[in-house]
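This report concerns only the one structure given below.
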Amino acid sequence: MSAPLLSAHGLTKAYGSRLACAGIDLDVTEGEVLAIVGESGSGKSTLLSLLAGELAPDSGEVRYRMREGRTRALADLGAAELRRLMRTDWGFVRQDARQGLRMAVSAGGNVGERLMGMGERHYGRIRGQALDWLGRVEIEAGRVDDPPSQFSGGMRQRLQIARNLVTGPRLVLMDEPTSGLDVSVQARLLDLIRRLSAELGLAVIIVTHDLAVARLLSHRIAVMRAGRVIETGLTDRVLDDPEHAYTQLLVSSVLAA
Amino acid sequence: MSAAIAQRPEREPGYNFAYLDEGTKRMIRRAILKAIAVPGYQVPFASREMPMPYGWGTGGVQVTAAILGRSDVLKVIDQGADDTTNAVSIRRFFARTSGVATTTRTAEATIIQTRHRIPETPLSEGQVLVYQVPIPEPLRFLEPRETETRQLHALAEYGAMHVKLYEDISRHGHIATTYAYPVEVAGRYVMDPSPTPKFDNPKMDDCPALQLFGAGRERRIYAVPPYTRVRSLDFEDHPFRVQEFTQPCALCGASGHYLDEVVTDDSGGRMFICSDTDICETRVAEAAR
Amino acid sequence: MTALLTFQDVAKSFTLHLRGGIVLPVVGGVSLAVEPGECVVLGGPSGAGKSSLLKMAYGNYRCDAGAILVRDGGAAVDVVRADPRAVLALRARVIAYVSQFLRVIPRVSALDVVEAAGREGGLSEEAARARAKHLLARLNLPERLWDLPPATFSGGEQQRVNIARGLIADRPLLLLDEPTASLDPRNRAVVADLVREKLKAGAGVLGIFHDSEMRDAVATRVVDVTQFAPQARAA
């Protein structure tokens with residue numbers, strides 16, 4: 001099997017005396033969805049920030065297989081290289097769309113920004129791609145010039161996905177992308193994420209507290225508690241036959257996962 | 001010296017030459033030198049309180065004060081005119097505090113301080129054009145955080161800059177930004193040319209004169225050295241274009257100049273005349289001869 | 001090794017941490033094999049661990065001891081110890097699992113559900129589409145339902161979509177957990193035909209069928225799981 005696309009080795013981060021992440025090892029490769037589940041405060045959001053290079057770990061490292069095939073530690077990339085990676089080869093779908101979108105810029109501008117950031121300077125092509133992607137995330141073409149401030153919560157999340165996927169990234173990080181949405185809206189979004197990640201062969205790391213989301217989307221799962229991964233494995237095995245006491249508690253606390 | 005140059009005025013006692021103390025001028029000159037060395041890059045400087053409110057050109061005034069020498073000839077324009085309040089008071093300020101000669105003639109000036117225009121008369125080597133700048137950061141409308149805009153400049157991430165132009169086209173069918181139109185300097189930094197009409201953007205490119213930009217409230221100085229490539233941002237299928245006027249100047253008959261609309265009476269009468277008063281008056285006088 | 005699936009001395013229990021760590025033994029000393037062309041039916045009362053055995057073979061349940069070998073081409077993969085990616089690879093190429101429940105994907109039409117399963121199982125898009133239509137027709141699912149999402153279908157209709165989805169690809173090992181529970185005799189006969197066709201093509205089946213008619217129609221051998229009953233232990 002080829003080297004994983006992204007791997008973390010012994011990632012550790014403390015805030016004062018509190019360990020937010022302690023010795024985390026994980027990896028993910030193309031076509032694979034990894035869910036990180038746990039309650040709030042378990043360290044899963046810190047972990048996502050460490051993986052994204054937004055936070056520097058106290059120890060440990062994140063390695064990534066670049067497009068040209070070489071695997072490199074994120075810490076060895078310069079700021080410019082890291083940011084270029086983020087806006088071309090990576091996507092990041094935020095829980096709060098206001099952090100992931102430009103709320104005053106039209107939907108088309110939001111999707112086009114990453115293309116323009118990569119040097120695309122042809123308005124017609126940018127707009128064509130924006131319309132294509134709005135269609136793929138099921139936003140009507142007629143809304144292309146409306147700003148996301150006029151969109152519903154579900155549409156904003158779909159727009160975030162289009163904005164991230166337009167440059168053909170290989171890795172997408174998602175932080176609670178469906179929380180705060182109505183159940184029917186959630187289902188539609190989950191279906192979209194599942195379809196696109198399979199079609200495009202994306203590696204996805206999704207942080208969620210919702211085990212149903214993890215079950216529907218992910219192949220593998222890592223259960224976090226107090227900064228540690230306490231159980232990891234096949235998603236359906238961990239959820240249907242949990243080994244660790246805490247995982248059993250999590251699974252049994254859900255009405256229908 | 002030509003007749004158009006005003007009499008060399010008396011400097012008022014009690015002020016250091018050009019108002020600022022020599023230490024402050026040295027500090028500003030250092031910022032200017034750095035700005036020239038890194039074209040288009042915004043250099044922070046310790047902007048001083050000036051005896052005029054922000055928004056009246058305190059940035060430009062400090063730059064002018066720092067570079068002004070006794071043999072300089074100063075021209076000050078506001079929206080192209082030498083005779084508006086802002087231009088008159090700044091010109092008088094320097095006349096009183098430095099005693100240097102002043103002029104309204106573009107060709108005779110060594111330093112031209114300007115608000116919102118570049119003179120129609122082509123500038124030449126040895127001249128310095130000093131712009132008054134209200135908001136130096138071209139990315140500000142998209143990104144309110146200074147730490148983030150500095151990162152974007154440092155890494156030359158200017159995709160967001162084109163988002164503004166994209167928004168224009170999607171809304172209006174063409175790039176509707178008509179002033180403060182962003183430019184890329186020397187193939188590197190994106191710069192706000194101050195609220196000049198985009199009509200003037202081509203004049204910045206490969207200009208023989210030195211162009212200095214001062215923002216007093218925002219405490220930034222930036223520069224375009226002589227003969228530097230200045231390119232207006234655009235799209236391949238929506239190339240940069242300057243405004244075109246359908247009629248010539250109603251006073252001097254010039255075409256190819258930037259025109260202001262002037263309301264002439266209470267019944268809707270109006271005319272279009274050169275915004276650059278110096279070139280307009282010169283042409284009118286020549287025509288009368 | 002010629003068997004498609006081999007249980008070697010497998011044991012399984014559940015430890016219920018939330019109930020003071022009680023250990024519930026499920027099965028012990030399980031050894032059995034499924035050869036190509038063979039349909040091994042698990043017998044015994046409910047609660048004897050029949051479904052657990054299927055889930056262990058599918059990698060859905062952990063095992064305490066033993067090995068479960070699944071033949072993948074020339075190699076044998078131990079599902080008990082294989083890492084998650086290897087198990088997923090087996091599921092993609094080798095093992096089909098059909099339960100009586102259709103896990104419904106919202107808003108996806110019945111035909112697309114079946115076709116997608118075919119593509120995931122290695123069929124081309126055209127082949128998957130053609131086979132999906134063929135299977136749904138054979139299973140007597142009215143054509144007007146094909147373009148509708150199965151969420152609103154009756155139990156029997158959902159089950160037929162599920163069977164089509166499980167059988168569309170050419171996976172050599174089928175794990176069938178009462179796939180015909182709510183089907184009428186006519187459709188049960190269709191499923192029996194489909195299973196026999198798979199067997200004839202060299203596939204192996206490990207299945208649970210409560211309905212004796214269905215069992216008699218497909219079983220080559222019945223294994224009584226009560227023989228695997230573990231010694232009860234307390235925590």
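At-a-glance table
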quantity: Translational D in µm²/s for chain B (Stokes-Einstein at 37 °C, 0.692 mPa s, Kirkwood Rh from C-alpha pairs); calculated: 165 µm²/s
quantity: Sequence-distant residues sharing a close amide H with residue B:117 (under 5 Å, placed H); calculated: B:79, B:80
quantity: Calculated log₁₀ intensity ratio I(q)/I(0) where the Debye formula runs over C-alpha points of segment C:156-222, q = 0.13, 0.18, 0.20, 0.24 Å⁻¹; calculated: -0.30, -0.60, -0.76, -1.13
quantity: Sorted largest first, extent of segment B:88-214 alpha carbons per principal axis (Å); calculated: 49, 32, 26
quantity: Relative contact order %, chain B, counting alpha carbon pairs below 8 Å whose residues are six or more apart; calculated: 21 percent
quantity: For B:160-173, mean number of other protein chain Cβ atoms within 10 Å; calculated: 6
quantity: q = 0.23, 0.25, 0.28 Å⁻¹: log10 I(q)/I(0) that the Debye formula gives for segment A:102-167, counting C-alpha atoms only; calculated: -0.88, -1.04, -1.30
quantity: Evaluated at q = 0.11, 0.13, 0.17 Å⁻¹: base-10 log I(q)/I(0), Debye formula over Cα of chain C; calculated: -0.57, -0.79, -1.26
quantity: Chain lengthening between residue A:58 and residue A:89 when straightened (0.36 nm per residue, less Cα-Cα); calculated: 8.6 nm
quantity: Alpha-carbon centroid distance for the pair segment C:162-235 / segment A:104-172, whole angstrom; calculated: 48 Å
quantity: Within the accessible area of chain B (1.4 Å probe), percent carbon and sulfur; calculated: 51 percent
quantity: Segment C:101-235, Rg to Rh (Cα coordinates; Rh as Kirkwood inverse mean 1/r); calculated: 1.03
quantity: Surface share of carbon and sulfur [accessible, 1.4 angstrom probe, percent] for segment A:74-147; calculated: 48 percent
quantity: Virtual spin-label span in nm between residue B:286 and residue B:206, 7 Å along Cα→Cβ; calculated: 2.3 nm
quantity: Hypothetical label at residue A:18: residues of segment A:213-257 whose amide nitrogen lies under 12 Å (7 Å Cα-Cβ projection); calculated: A:226-227
quantity: Whole-number D in µm²/s for chain A (Stokes-Einstein; Kirkwood sum over Cα pairs; 4 °C, 1.567 mPa s); calculated: 69 µm²/s
quantity: 5 Å binning of all Cα-Cα separations within segment B:54-154, expressed as whole percents from 0 upward; calculated: 2, 13, 23, 20, 15, 9, 8, 7, 2
quantity: Residues residue A:9 and residue B:242, FRET efficiency given R0 of 35 Å [Cβ-Cβ distance, rounded to 0.05]; calculated: 0.05
quantity: Calculated P(r) tail over 14 Å for segment B:184-259, as whole % of Cα pairs; calculated: 69 percent
quantity: Computed label-point distance, nm, for sites residue A:182 and residue B:52 using a 7 Å Cα→Cβ extension; calculated: 5.9 nm
quantity: Phi-based couplings in Hz for segment B:64-76 (Karplus 6.51, -1.76, 1.60; Gly and Pro marked x); calculated: 4, 4, 6, 9, 5, x, 5, 8, 6, 10, 9, 10, 10
quantity: Cβ neighbours within 10 Å from other chains - mean over B:146-154; calculated: 1
quantity: Loop-located chymotrypsin sites (Phe, Trp or Tyr not before Pro) in segment B:190-238, at most 16 other Cβ atoms within 10 Å (DSSP); calculated: B:227
quantity: Residues in segment B:81-114 reached by a label modelled at residue B:121 [backbone nitrogen below 11 Å; 7 Å Cα→Cβ]; calculated: B:103-110
quantity: Residue-averaged beta-carbon neighbours from other chains (10 angstrom radius) around B:233-239; calculated: 4
quantity: Residue-averaged [θ]222 nm for chain A, counting only DSSP H segments that reach four residues, each worth -39500 (n - 2.57); calculated: -11500 deg cm²/dmol
quantity: Accessible solvent surface per residue of chain B, calculated while the other protein chains remain in place, 1.4 angstrom probe, Å²; calculated: 45 Å²
quantity: Additional length obtainable on full extension of the chain from residue B:88 to residue B:150, 0.36 nm per residue less Cα span; calculated: 18.7 nm
quantity: Segment A:102-167 - accessible surface per residue (Å², probe 1.4 Å); calculated: 34 Å²
quantity: Charge tally in the Cβ shell below 13 Å around residue C:186, where Lys, Arg are +1 and Asp, Glu are -1, residue C:186 excluded; calculated: 0
quantity: Whole-number percent relative contact order across segment A:102-167, with pairs defined as alpha carbons under 8 Å at least 6 apart; calculated: 49 percent
quantity: Percent of C-alpha pairs per 10 Å bin, the protein assembly as shown, short to long; calculated: 2, 11, 17, 17, 14, 11, 8, 7, 6, 4, 2, 0, 0
quantity: All-pairs alpha carbon distance profile, segment A:77-205, 10 Å steps from 0, percent; calculated: 13, 47, 34, 6, 0
quantity: Rounded Å value of the spacing that divides the Cα centres of segment A:180-195 and segment B:207-275; calculated: 51 Å
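The values are calculated or read from the model by the stated rules, or taken from the named source; none is laboratory data. Quick caveat: nothing in here was measured; it's all calculated off a predicted structure. All Cβ positions, even for glycine, are placed from backbone atoms using ideal geometry, and neighbour counts span all protein chains on display. Accessible surface areas use protein heavy atoms only, side chains included; no ligands, DNA or RNA. Shrake-Rupley method; radii C 1.70, N 1.55, O 1.52, S 1.80 Å.
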